[in-house]
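Structure, as structure tokens:
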Amino acid sequence: MNSITGKTRVCGIIGDPIEHTMSPAMHNAAFEALGLDYVYLPFHVRREELACAINGMRALNIVGLNVTIPHKVDVIPLLDKLDAMAERVKAVNTVVNENGVLTGYNTDAPGFLQALRSRSIEPEGKKIVVLGAGGAAKGVSFILAEAGADLAILNRTLSRAEELASQIAPYYQNKVKAMTLSEENLKQALDGANVLVNNTSVGMVPEVDQTPVPARLLKSGMTVFDIVYNPLETRLLGEAKAAGACTIDGLDMLVWQGVLAFEKFTGRKAPFEIMKEAATKALANEK
Ligand code: NAP
């Protein structure tokens with residue numbers, strides 16, 4: 001930070017609230033490790049100030065911004081271009097400024113896929129059970145369909161799962177089934193599926209004693225990915241581990257979306273391990 005000069009390039013994240021973000025820790029650690037003259041800052045931007053903030057990005061020549069809740073959808077009409085995944089998912093978490101031209105990307109969905117592939121799990125030809133139909137489930141479902149998986153989407157509110165399945169259908173030929181989240185449907189969906197992804201907020205602080213899946217349905221041979229990262233080991237992951245299943249926590253997805261954003265901001269390969277370490281420390285400091 002002491003070496004900020006007139007040439008330092010500025011990146012950041014906009015959201016409301018923003019105090020709990022781990023992105024500045026991850027990105028600044030990566031800039032330092034690679035010796036890049038960049039800095040990454042948090043910006044608290046309220047809904048009514050979003051358009052001013054995006055114009056400000058142009059005016060101040062901020063080279064890259066991450067976008068978090070509640071702006072991922074509302075930012076879209078303020079941008080000049082969108083990449084294909086952002087267009088399909090209709091959510092942007094990364095904006096790159098090239099000479100005043102703002103392009104929106106979605107690195108959450110590919111970040112999830114990278115996290116899965118980093119454990120040597122290739123979705124193509126697999127049946128995958130997706131829990132939830134909110135913002136995160138949407139990106140995860142689209143990228144899994146793009147990667148060639150058939151999906152069973154289970155959500156507390158069936159109509160949202162059905163809506164998500166119908167949004168995927170025009171783009172991909174995969175089988176996508178929508179179901180209510182219940183033990184009976186889970187049992188049926190898990191038959192022949194060996195990957196389960198929790199995208200609901202069930203099990204997140206403060207309700208850490210909750211789980212979306214009864215422990216009796218968890219088996220060895222399954223991979224259970226919980227995208228919740230607070231806590232890192234949710235009740236679902238603890239019970240999946242105890243059942244002998246392979247588990248992946250939400251931190252990997254968070255770090256991978258940051259890695260992909262970093263590469264768009266700088267054009268350099270991101271140091272995954274350094275970013276993961278910084279995010280892990282930032283998460284521990286939250287407690
Ligand atoms: P969201 O849009 O609000 O969606 C929440 C989802 O959880 C909905 O499907 C909702 O079902 C379901 N849900 C909530 N309470 C429930 C309950 N008691 N029983 C059953 N289902 C319940 O939230 P989001 O943005 O998708 O985020 C979901 C989780 O993912 C959060 O914990 C968030 O922190 C985490 N996340 C992690 C990453 C990462 O990088 N690791 C990225 C994004 C999000 P209904 O439709 O029925 O309401």
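Figures for the structure shown
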| read-out | value |
| --- | --- |
| Residue satisfying all of: in region 244-269; farther than 14 Å from D108 by Cβ and out of contact with any strand residue (DSSP E or B) (no Cβ under 9 Å at 6 or more places or on another chain); surrounded by the fewest Cβ atoms within 10 Å (Cβ to Cβ) among these | G267 |
| Every residue from region 202-230 that is assigned to a loop (DSSP other than H, G, I, E, B), touching a helix residue (DSSP H, G or I) at 6+ places or on another chain (Cβ under 9 Å) and not aliphatic (A, V, I, L, M) | G203, D209, Q210, T211, P212, P214, K219, Y229, N230 |
| Residue count for region 231-243, restricted to those that are of a type in the set (A, V, I, L, M) and in a helix (DSSP H, G or I) | 4 |
| Test: residue in region 171-184 that is in contact (Cβ under 8 Å) with a residue 40 or more places away in the chain and under 18 Å from the mean Cα position of the chain (by Cα) | no |
| Residue, farthest from V101 (Cα to Cα), within region 64-77, restricted to residues that are open to solvent by less than 10 Å² (accessible area, probe 1.4 Å) and not polar (S, T, N, Q) | H71 |
| Index of the failed condition, K241 passing every other in (1) surrounded by fewer than 22 Cβ atoms within 10 Å (Cβ to Cβ); (2) within 10 Å of the ligand (Cβ to nearest atom) | (2) |
| Subset of region 121-150 (residues that are open to solvent by less than 10 Å² (accessible area, probe 1.4 Å) and either touching a Cys at 6+ places or on another chain (Cβ under 8 Å) or more than 14 Å from the ligand (Cβ to nearest atom) (or both)) | P123, I128, L144, A145, A149 |
| Residues satisfying the stated conditions in region 183-229, i.e. within 16 Å of the ligand (Cβ to nearest atom) and open to solvent by 40 Å² or more (accessible area, probe 1.4 Å) | E183, E184, S201, V202, M204, V205, P206, E207, V208, D209, Q210, Y229 |
| Candidate set: region 244-259, residues that are touching a residue at least 40 places away in the same chain (Cβ under 8 Å) and in a strand (DSSP E or B); chosen: the one farthest from the ligand (Cβ to nearest atom) | C246 |
| Qualifying residues in region 89-113 (those that are more than 11 Å from the ligand (Cβ to nearest atom) and assigned to a helix (DSSP H, G or I)) - the one farthest from I54 (Cα to Cα) | L113 |
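The values are calculated or read from the model by the stated rules, or taken from the named source; none is laboratory data. For clarity, every value in this text was computed on a predicted model and none was experimentally measured. Please note: Cβ atoms are built from the backbone with ideal geometry, for glycine as well, and neighbour counts cover all protein chains shown. Areas reflect the complete protein model, heavy atoms only, side chains present, ligands, DNA and RNA absent. Shrake-Rupley method; radii C 1.70, N 1.55, O 1.52, S 1.80 Å.
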